[in-house]
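See structure below.
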Amino acid sequence: MTTAETTRRRAGTAVAFVLMLIGALSMVLPFIWMVSTSLKESKLVFDYPPQWIPDPVDWANYVEVWDIAPLATGLLNSAVVTVSVVVVGTFSSTMAAFAFAKLDFPHKQKLFVGLLATMMVPVVVTIIPQFLVFAEIGWIDTLLPLIVPALLGNITMIFFLRQYMMGLAGELLDAAKIDGAGFFRIYWSIFLPLCKPAIAANVIIVFMATWNDYLGPLIFTNSPENSTVQLVIASLNSYYAEQTDYPIVMAASVIAVLPVVIIFIALQRYFVDSFAFSGIKG
């Protein structure tokens, strides 16, 4: 390699590093500012120059927020919805992905393409029909519209896991069938354990999408006892933002985002492995 080529490669690496650093800071700094604001007194929020490290640190916001808003109820409702969707939805999605990846049945490709086509339909197009159906069966102002449809599977997860399973050796299926194992046994004992990295990566995505969902709870629920944590924060923001008491809103936001951060930190190592391996076969 010539000196000129080495210089160009180093310059390209430096530019890429700077761009990634700017992107990382653009995502991390708002989170840091949120935590910083949640620990301030309200009169210090608009100080200039801004204080990234509060002085003094005010932990009272984290105590007060539990008394002025139904935050505990919102967290519980969000947990019920998210855990149900993640656990049952992941189970149904992995079974569908296994069927599309390793089993042969009539019109398999057509059905799969049909499922993929549903990804092209904007969510807002289906909101009104869904609302009418749920109103007809008496599910409005309950958590059921947020849970039941997602239990049937997630097409994005099905597609991703199907790609991952297609990269696994088909001989595993043949050997298990020769040993007398049924399809569910093969799925549960062989392919499901091998897909743990991909499942973990998708669990993070589904968890974040479900936990942070605002539109669904806003449309299908209307009472405080059925509000999710996102609706509780929105109600806090609508009142306390007008009072310029942003630390209370930020304290609630930090509490709400902690489960997502914990899940991501715990499972982030699976991201690279799963995304890299899913591209082996198309």
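The values are calculated or read from the model by the stated rules, or taken from the named source; none is laboratory data. Every value quoted in this text rests on a predicted model; they were computed, and no experiment measured them. So basically every Cβ, Gly included, is an ideal-geometry build from the backbone, and we count neighbours across all protein chains shown.
Please verify whether region 8-21 includes one or more residues that are in contact (Cβ under 8 Å) with a residue 24 or more places away in the chain and not assigned by TED's automatic domain parsing to the domain that holds Trp211. No; the residues of region 8-21 include none that is in contact (Cβ under 8 Å) with a residue 24 or more places away in the chain and not assigned by TED's automatic domain parsing to the domain that holds Trp211.
If you filter region 41-78 down to residues that are small (Gly, Ala, Ser), out of contact with any Leu (no Cβ under 7 Å at 6 or more places or on another chain) and in contact (Cβ under 8 Å) with a residue 40 or more places away in the chain, you find that the one that is nearest to Ala198 (Cα to Cα) is Ser78. When Asp104 is tested against (1) exposed (fewer than 10 other Cβ atoms within 10 Å of the Cβ); (2) among the charged types (D, E, K, R); (3) not assigned by TED's automatic domain parsing to the domain that holds Asp174, exactly one condition is not met: (3). When Thr37 is tested against the conditions (1) surrounded by fewer than 10 Cβ atoms within 10 Å (Cβ to Cβ); (2) part of a helix (DSSP H, G or I), the lone failure is (1). When the residues of region 153-173 are filtered to those that are more than 17 Å from the chain's Cα centre (by Cα) and part of a loop (DSSP other than H, G, I, E, B), the one that is surrounded by the most Cβ atoms within 10 Å (Cβ to Cβ) is Leu168. Does Pro122 satisfy the condition of being in the same structural domain as Ala252 (by TED's automatic domain parsing) and free of Cβ contacts under 8 Å to residues at least 40 places away in the same chain? Judged against the criteria, Pro122 is a match.
Please enumerate the residues belonging to region 243-260 that are of a type outside the set (A, V, I, L, M, F, W, C) and at pLDDT 85 or above. I'd like the intermediate steps shown before the answer.
Within region 243-260, the first condition is being of a type outside the set (A, V, I, L, M, F, W, C), and the residues that meet it are 243-247, 253, 259.
Within region 243-260, Pro247, Ser253, Pro259 meet the criteria.
Here's the yes/no breakdown for (1) in the same structural domain as Leu44 (by TED's automatic domain parsing); (2) without any contact (Cβ under 8 Å) to a residue 12 or more places away in the chain; (3) surrounded by 15 or more Cβ atoms within 10 Å (Cβ to Cβ):
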| site | (1), (2), (3) |
| --- | --- |
| Ala175 | no, yes, no |
| Arg185 | no, yes, no |
| Phe191 | no, no, yes |
| Lys196 | no, no, no |
| Ile199 | no, no, yes |
| Val203 | no, no, yes |
| Asn226 | no, no, yes |
| Leu236 | no, no, yes |
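Would you check if there is a residue in region 122-134 being farther than 15 Å from Ile219 by Cβ and assigned to a helix (DSSP H, G or I)? No, every residue in region 122-134 fails to be farther than 15 Å from Ile219 by Cβ and assigned to a helix (DSSP H, G or I). Screening Val81 with (1) buried (at least 16 other Cβ atoms within 10 Å of the Cβ); (2) outside the structural domain of Tyr246 (by TED's automatic domain parsing); (3) not in a loop (DSSP other than H, G, I, E, B) gives one miss only, at (2). In this structure, is Ala96 touching a Lys or Arg at 6+ places or on another chain (Cβ under 6 Å), in the same structural domain as Glu225 (by TED's automatic domain parsing) and at pLDDT 85 or above? No, not satisfied.
Condition check ((1) over 19 Å from the mean Cα position of the chain (by Cα); (2) aliphatic (A, V, I, L, M); (3) under 30 Å from Pro247 (Cβ atoms); (4) modelled with pLDDT under 90) across all residues:
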{"residue": "Arg8", "(1), (2), (3), (4)": "yes, no, no, yes"}
{"residue": "Val28", "(1), (2), (3), (4)": "no, yes, yes, yes"}
{"residue": "Pro50", "(1), (2), (3), (4)": "yes, no, yes, yes"}
{"residue": "Thr73", "(1), (2), (3), (4)": "yes, no, yes, no"}
{"residue": "Ser84", "(1), (2), (3), (4)": "no, no, no, no"}
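Between Ala97, Ala150, the distinction of being within 25 Å of Thr221 (Cβ to Cβ) and surrounded by 19 or more Cβ atoms within 10 Å (Cβ to Cβ) belongs to Ala150 only.
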